[in-house]
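**Q** Structure below; questions to follow.
Where a number appears in this text, it was derived from the coordinates with a stated rule and is not lab data. These numbers come from a predicted model, not from an experiment. Cβ coordinates were reconstructed from backbone atoms using ideal geometry, including for glycine residues, and neighbour counts include every protein chain displayed.
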């Protein structure tokens, strides 16, 4: 027969073990959410990045929030009903999970701004490698500048499908311009114009 | 005898661009505006390569748009027609009308 002290010691060991395992998982999700918010605001303050709402971002943040909630619920018995993080405190102060989910959704909406480089930034880097500086400056930069202008115009009007369609059209235009530039360059090397 | 300076040759696409720009020679236009005003005669894929070629022929000149405040994205390029461009376009139109006259004369001769 185990004494009461033995049982308590065992329980403490189990509790420490679980808390040790759960804490990093909770902090990962917390940092992910907090970090994404900080990184978003930092990058948005720079000019060559932009933020936009995306459903995928919203879903990802929502999933993170739900994971955090679940982890907190699991952590409650092992932490003597005093979880250390924001969600844990909410769980303790308000019992109804629906409130938590609402909070999670709100948080998800705040952190759903995805930060991206403007379209064509990567392609411009590639053209720097394959084409002369003059061709990049006179052909590809104006093309990508107009692409970005048209893309952002569509985003401002909240026409996301149009923005995607603009990108598709410009990817095609970019490919054509690449081919044509190489073709023209070939004839130039032959001395023909 | 004073020889006329040789004007650069202009293709149909280039002539379309020049005609768009000549609608208001004082106006500077973006590539996208030229595209919109060409009424579907120009395509995105060929426009910018053609504009570069025209700039090399000196029928066009371009500069980066001035920006008063920092904005996202690369600054756009604005194009305007040069005097040489206007002359080249006039020559193109003249040649074009002469050719179409010749073709119509040829067609009537063939019909009779």
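**Q** Mean-square fluctuation check for chain B, GNM, Cα pairs under 10 Å: which of B:23, B:90, B:15 is largest?
**A** Result for chain B, Cα springs under 10 Å: B:23 fluctuates most.
**Q** For the pair residue B:91 and residue A:122, how long in nm is the line joining their label points, each one 7 Å along Cα→Cβ?
**A** Distance between label points: 4.6 nm.
**Q** Measuring from label point to label point, each 7 Å out along Cα→Cβ, what is the residue B:39 to residue B:19 span in nm?
**A** Placing both labels 7 Å beyond Cα along the Cβ direction yields 0.8 nm.
**Q** Here's something else I'd like to know. For the stretch A:148-177, list residues with backbone N below 16 Å from a point placed 7 Å from the Cα of residue A:183 toward its Cβ?
**A** Flagged as within label range: A:172-177.
**Q** Now for a separate question. Could you work out how far helix B:83-111 tilts from the main Cα principal axis of chain B, as a 0 to 90 degree angle to the nearest 10?
**A** Around 30 degrees separate the two axes.
**Q** Test of understanding: ordering A:184, B:109, B:10 by Cβ neighbours within 10 Å, fewest first, what list do you get?
**A** B:109, A:184, B:10
**Q** Could you give the angle, 0 to 90 degrees to the nearest 10, between helix B:44-56's Cα long axis and the longest principal axis of the Cα atoms of chain B?
**A** So the inclination is approximately 80 degrees.
**Q** How tilted is helix B:12-22 with respect to the longest principal axis of chain B? Cα atoms for both, answer in degrees (0 to 90, nearest 10).
**A** Computed tilt is about 60 degrees.
**Q** Taking other Cβ within 10 Å of each residue's Cβ, how do A:178, A:161 sort, fewest first?
**A** Lowest to highest Cβ neighbour count: A:161, A:178.
**Q** A follow-up question, please. Quick one: order B:108, A:127 by neighbouring beta-carbon count within 10 Å, fewest to most.
**A** B:108, A:127
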